[in-house]
Amino acid sequence: MKMDDRKQKVLLAIVHDYIATAEPVGSRTIAKKFRLGVSPATIRNEMADLEEQGYIEQPHTSAGRVPSEQGYRYYVDYLMQKHDLSAEEEDLIRSEFDIKVKDIGQVIQKTGQLLSQLTHYTAMVLTPSIGTSRFKHIQLVSMNPTQAMVVVVMDNGTLHHRLIDIPESISTDDMETISRILNAKLRGLTNENIKLTLVKEIYFELARHKHILDLAMELLEDSLTMKSEDKIYLGGVFNMLNQPEFHNVEKVKTLLSILEQEKLLYGLMTGEEQDVGVTVRIGGEIKNKEIKECSMVTAAYSVAGRKMGSMGVLGPTRMEYAKVISVVDFMTKNLSQALERMMKGMGK
């Protein structure tokens, strides 16, 4: 429901002041700080209406008011202005993702650390989903006359390799032939797509090299059927404990207990379809009563248009939404680009 211009200005003032100070906001504070051009009495009347409509509430016996979940939602949907990251912040993010690393876990961990550093809240980054990964490239590389390295690259950027024994009669050209046929037959397929008839075709074409083929196919099967050990990297766990809302021992215990439960966090990160853009869930919208005083800002990262995982920020409902949304959005795009570069490098 849209509200009139003056109520919007009063609500905006309350949200901004409460985010900045963590103190309930009174009419005199609004009149002094925000120069709305109306008297404290008029502001009080507007605040009374906003409270009646559910956009603000009175904590305990305080004379001031704080935004409600409904008030924060209205702010995010209608009043919040875009926050531009500073040139220094953008350069920091780009430089971190430009560093040449070949380990996806390292990239994800770095992402969590940087996300928490820039937002001052707790960051969560879900590793790429392996369960539905597709075969991208296989290569047999001669290491010495009796050994070769089998390298398998999946389309989520994960790389698997194994050193295998080979007969001395196998030449480099033979290994190139095996690699070429496997790539031609299997590229873009998941394990579910690889039918018995296709495996028979490959075996028939490579019958002379069955010893090598058995080992290569074994590694390929491992890669395609590998169970997804969904991992969430946390960054800045103690940032939440610095927030005034969590200066209560019981609240701290509850929060830390939740952050220890990886399956629960995974559910929070994947509970809603997250395909495009940034999602903001406030308080009860997270659908977990134990963190009803928190908000989550999440976004998916992708490779070649395919969703690979997600990142998010957990903070109090009194969160700097505009900044957090901008940071998550910018980092999601840069992580996606970094993973694409990694995959291209692995596929060479």
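In nm, what is the difference between 0.36 nm times the number of residues separating Gln53 and Leu264 and their Cα-Cα distance?
Result for the pair: 72.6 nm of gain on full extension.
Pairs Lys136/Lys200; Lys32/Lys289; Lys32/Lys251: which are spaced more than 25 Å apart, C-alpha to C-alpha? Pairs exceeding 25 Å: Lys32/Lys289; Lys32/Lys251. From the P(r) of the stretch 1-134, can you give the percent of Cα pairs sitting at distances over 19 Å? I get 62 percent for the Cα pairs in the stretch 1-134 exceeding 19 Å. Relative to the current alpha-carbon distance between Arg28 and Thr146, full extension at 0.36 nm per residue lengthens the span by 34.1 nm. Take the Cβ atoms of Leu79 and Lys287, set R0 to 30 Å, and the FRET efficiency comes out at 0.75. The order of the peptides 44-51, 10-17 by mean Cβ neighbours within 10 Å, most packed first, is 10-17, 44-51. Taking the square roots of five times each eigenvalue of the Cα gyration tensor of the chain, the equivalent ellipsoid has semi-axes of 55, 18, 17 Å, listed largest first.
Which one of Pro128, Thr197, Val313 is farthest out on the positive end of the charge dipole of the chain, using unit charges on Cβ (Lys, Arg +1; Asp, Glu -1) and the Cα centre as origin? Result: Val313, furthest along the dipole toward the positive end.
Accessible surface for the stretch 5-79, divided over its residues, is 53 Å² per residue with a 1.4 Å probe. When each of the peptides 287-300, 197-210 is scored by the mean number of other C-beta atoms lying within 10 Å of its residues, the order from highest to lowest reads 287-300, 197-210.
In this rough spin-label picture, where each label sits 7 Å from Cα along the Cβ direction, the Arg187-Glu205 distance is 1.2 nm.
What part of the accessible area of the chain, given as a whole %, is carbon or sulfur when the probe is 1.4 angstrom? Don't jump to the answer; show the numbers that get you there.
Values: 8860 of 17800 Å².
That share works out to 50 percent.
Gyration tensor analysis over the Cα atoms of the stretch 5-79 returns equivalent ellipsoid semi-axes of 16, 14, 12 Å (largest first, whole Å). Placing unit charges on each Cβ (+1 for Lys and Arg, -1 for Asp and Glu) gives the chain a dipole about its Cα centre, and among Thr61, Gly37, Ile14 the Cα reaching farthest toward its positive end belongs to Gly37.
The values are calculated or read from the model by the stated rules, or taken from the named source; none is laboratory data. Remember, it's a predicted structure, so these values are computed and weren't measured experimentally. Positions of Cβ are backbone-derived with ideal geometry, glycine not excepted, and every protein chain shown enters the neighbour counts. In case anyone asks, the SASA skips ligands and DNA or RNA and just uses the protein heavy atoms, side chains included. Shrake-Rupley method; radii C 1.70, N 1.55, O 1.52, S 1.80 Å.
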